[in-house]
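The values are calculated or read from the model by the stated rules, or taken from the named source; none is laboratory data. Please read these numbers as outputs of a predicted model, since none were measured by experiment. Note that each Cβ is placed from the backbone with ideal geometry, even for glycine, and that neighbours are counted across all protein chains shown.
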Amino acid sequence: MFSMPSLSTTARALRHSALVLVCGGAVGWAHASLPIQHWTQPSGARVFLVESHAIPMVDVQIDIDAGSRRDPAAQAGLASVMAGQMANGTRAEPPVQGKGQGPYPQAMDENQIGEAWADLGASFGGSAGGDRMSFGLRSLSYPDLLDKAVALAARQMAHPAFPEAMWLRDRERISASIRESLTKPGTVVQHRFAEAVYGAHPYGFRATPESLSRIGVQDLQYLHAQALRACRATVSVVGALTRAQADAMVQRLLAQWPRESGCQSLPPVPEVAPLAAAQNLNLTFDSAQAHVLIGQPGYKRTDPDFFALLVGNHILGGGGFVSRLTEQVREKRGLSYSVYSAFAPGLHAGAFTVGLQTRPDQAKQAVAVAQEVVQDFVRQGPTEAELQAAKSNLVGGFALRIDSNRKLLDNVANIAWNRLPLDYLNTWTRQIERVSAADIQRAMARVLQPERMVTVVVGAAP
C-alpha cells in the first residue's frame, strides 16, 4: 500500500539532494560579478543579499555587537555562554492581541527543539567571537519549510528559557573541558600569549572555571535583554530568494526583538595598547615538543594597508610551504615541521602571530631564526619574485574563497560587518594585483616592531 513519507523524511531527502549540489552551486560566482543588494529596514536592521538561485537553499547570518569584547572581566565567556544556552529551551509564545499564534507557540525543551530542526531538515545556532555575536540559519527555500524554520529561529532568539538546571549542567561540563585543555601545552601557550599581547584589553580575556562560576541565569537573561536590538542587527543572506522575499524573511526573524527609537549607542571599547618592550616567557611543561608563539598587536580590519599586509604576510609565513619562514626554519635548518605567521584584524588591532613547534633542545635556535626572518622582512620587504608568486597564488585561489553558499555568506557577512564597499569581492583581485613591494615594506614597517614582540615558549627544559 502506498503511503506519503513523513515531513521529516521528505525534508531530509530534499536537503540531501540540495546539499549534493551546494559544493558546485556557487562556483559560477567565481567568474562573474557578485551583486550585493543592501537596504535598511524601518527597524534599523541592515540587510545584505546575494541572490543565488542555483540550488533551493538559503543561508542567513545575523550579527550584533555583543561579542566577548563586551564581557565583564570577572565574567569572561558570558557572551559565548549566552549564545549557546539559547538552544536549551524556549518559553511559550506570549499572546499578541489581534494576531494568531505561530507554528511553535508552546514552550520547548532542548530535545523538542532538536527534533523540530531535524524534522525541518534545517539548522540554527548561535555563537560569539571577539567582536560579534552571530546567529546562523540554513534551510531549504521551499516556502512550507522555510516559513517554519524562520518561525522557529525567531522564537529561539526572542524567547529563550535559559533553564537553570541546563546551565548548571553545561557550566560543569564546560569547566571540566577548560581544565582538561590546560593540561595541553598548546592551550597554555595560547593563553599566555594572549595575556601578554593584549594586556587588560578584552581581546585577551579567556573563560575559566572561576569566571563561569560567576555567571548565573540572571546574567544570561540580562545580556539577552540588552543585546538583541533590531536596530543593531546586521543581516547577511545568500540563497534562492528575491529581495522582497528576503526583506519579508528578515522582518519575521527580528519581529519579536525589542524596538527602540534612535538606537542608543553602546559604550566604546578601548583600543589595544601597543607593547612598550619585548617580553620573553619560558614555561617548563612536560611535553615532547616546545610550543612557540611570537608576536604583538597587529592592525584593525579598517586599516587602509589591508591588502599590502595580506600579500606581505602570505610571503612571510601565511603561504604555507612557499613562505619565507618555512624556507628558513623548516627547509634549510629542519627546526620545525611547520611554521606560520598570521594577522587577526578585527574592530581593534588583533594579534600578529608567528607559531611553530620544535624539539626543546632546538627551541632557542628556532626562535632566533624566526625572529631574524621577521626582522629582515620588516626591514627590506619582499623580493620581486616573491611578490609575483604570492600574487599569482592569491589571485589563482580566489575562486576557492567563494565556491559554496557557506563561504559566500562568510564573505558577505565580512563586508556587511566591517562596512566594506559592496563591490569588495568584485575588486579583490585587482586590489591584490595593485600591491607593490614598496607598499608591503612600508606597511609592515609601520605595523610591526620586531624589537618589541612577545615570545612565549612552553615545553620541557632542554
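Being assigned by TED's automatic domain parsing to the domain that holds residue 241, buried (at least 19 other Cβ atoms within 10 Å of the Cβ) and at pLDDT 95 or above, is that true of even one residue in the range 165-173? Checked against the condition, which is being assigned by TED's automatic domain parsing to the domain that holds residue 241, buried (at least 19 other Cβ atoms within 10 Å of the Cβ) and at pLDDT 95 or above, the range 165-173 yields at least one hit. Of the residues contained in the range 364-371, none is found to be touching a Gly at 6+ places or on another chain (Cβ under 7 Å) and either outside the structural domain of residue 419 (by TED's automatic domain parsing) or hydrophobic (A, V, I, L, M, F, W, C) (or both). Tell me, please, whether a residue that is modelled with pLDDT under 95 and farther than 27 Å from residue 263 by Cβ can be found in the range 69-80. The answer is no, given that none of the residues of the range 69-80 is modelled with pLDDT under 95 and farther than 27 Å from residue 263 by Cβ. Filtering 87, 118 for residues that are in contact (Cβ under 8 Å) with a residue 60 or more places away in the chain, assigned by TED's automatic domain parsing to the domain that holds residue 223, farther than 30 Å from residue 268 by Cβ and assigned to a loop (DSSP other than H, G, I, E, B) leaves a single hit, 87. Evaluation of residue 141 against the conditions (1) surrounded by fewer than 21 Cβ atoms within 10 Å (Cβ to Cβ); (2) within 24 Å of the chain's Cα centre (by Cα); (3) among the polar types (S, T, N, Q) shows that the sole unmet condition is (2).
Take residue 313 and tell me if it is out of contact with any helix residue (DSSP H, G or I) (no Cβ under 8 Å at 6 or more places or on another chain), in a strand (DSSP E or B) and closer than 27 Å to residue 362 by Cα. So residue 313 does not fit the description; no. When you check residue 336 against the structure, is it of a type in the set (Gly, Ala, Ser), on the phi < 0 side of the Ramachandran plot and crowded, with 23+ Cβ neighbours inside 10 Å, yes or no? Spelling it out, residue 336 is indeed of a type in the set (Gly, Ala, Ser), on the phi < 0 side of the Ramachandran plot and crowded, with 23+ Cβ neighbours inside 10 Å.
Residues of the range 121-146 being part of a helix (DSSP H, G or I) and in contact (Cβ under 8 Å) with a residue 24 or more places away in the chain, which ones?
145, 146
Give me the residue from the range 373-419 that is over 27 Å from the mean Cα position of the chain (by Cα) and not in a helix (DSSP H, G or I) and, out of that set, nearest to residue 303 (Cα to Cα). That would be 381. Here the condition is being surrounded by fewer than 17 Cβ atoms within 10 Å (Cβ to Cβ), charged (D, E, K, R) and under 21 Å from residue 173 (Cα atoms); of 110, 115, it holds for 110 alone. Filtered by the rule that a residue be assigned to a loop (DSSP other than H, G, I, E, B) and either touching a residue at least 12 places away in the same chain (Cβ under 8 Å) or touching a Leu at 6+ places or on another chain (Cβ under 9 Å) (or both), the range 225-261 gives 228, 229, 233, 240, 241, 242, 255, 256, 257, 258, 259, 260. For the range 109-148, the set of residues classified as over 18 Å from residue 409 (Cα atoms) and aliphatic (A, V, I, L, M) consists of 113, 116, 118, 120, 145, listed by residue number. Scanning the range 350-364 for residues being out of contact with any helix residue (DSSP H, G or I) (no Cβ under 8 Å at 6 or more places or on another chain) and either within 27 Å of residue 203 (Cα to Cα) or part of a helix (DSSP H, G or I) (or both) gives a total of 7. With respect to (1) out of contact with any Asp or Glu (no Cβ under 7 Å at 6 or more places or on another chain); (2) over 19 Å from residue 408 (Cα atoms); (3) of a type in the set (Gly, Ala, Ser); (4) at pLDDT below 95, the lone exception for residue 54 is condition (2). Scanning the range 93-114 for residues that are closer than 19 Å to residue 253 by Cα and either outside any loop (DSSP other than H, G, I, E, B) or modelled with pLDDT under 80 (or both) gives 93, 94, 95, 96, 99, 100, 101, 102, 108, 113, 114. The residues of the range 318-349 that are part of a loop (DSSP other than H, G, I, E, B), closer than 24 Å to residue 68 by Cβ and free of Cβ contacts under 8 Å to residues at least 60 places away in the same chain, listed by number, are 344, 345.
Of these, 188, 235, 217, which one is crowded, with 22+ Cβ neighbours inside 10 Å, among the hydrophobic types (A, V, I, L, M, F, W, C) and in the same structural domain as residue 158 (by TED's automatic domain parsing)? Before the answer, list the steps.
On the way: 188 fails: crowded, with 22+ Cβ neighbours inside 10 Å; 217 fails: crowded, with 22+ Cβ neighbours inside 10 Å.
After applying the criteria, what remains is 235.
Within the range 260-268, can one find any residue that is over 20 Å from the mean Cα position of the chain (by Cα), at pLDDT below 95 and charged (D, E, K, R)? Within the range 260-268, one or more residues are over 20 Å from the mean Cα position of the chain (by Cα), at pLDDT below 95 and charged (D, E, K, R).
Going by the structure shown, is residue 358 in the same structural domain as residue 338 (by TED's automatic domain parsing), buried (at least 17 other Cβ atoms within 10 Å of the Cβ) and of a type in the set (Ser, Thr, Tyr)? In short, yes.
Is it the case, given these coordinates, that residue 324 is under 18 Å from residue 371 (Cβ atoms) and buried (at least 18 other Cβ atoms within 10 Å of the Cβ)? It would help to see each step written out before you state the result.
Working: under 18 Å from residue 371 (Cβ atoms): yes; buried (at least 18 other Cβ atoms within 10 Å of the Cβ): yes.
Criteria met by residue 324.
Name the single residue, out of those in the range 263-274 being of a type outside the set (Ser, Thr, Tyr) and without any contact (Cβ under 8 Å) to a residue 12 or more places away in the chain, that is surrounded by the most Cβ atoms within 10 Å (Cβ to Cβ). Checking each candidate, the answer is 264.
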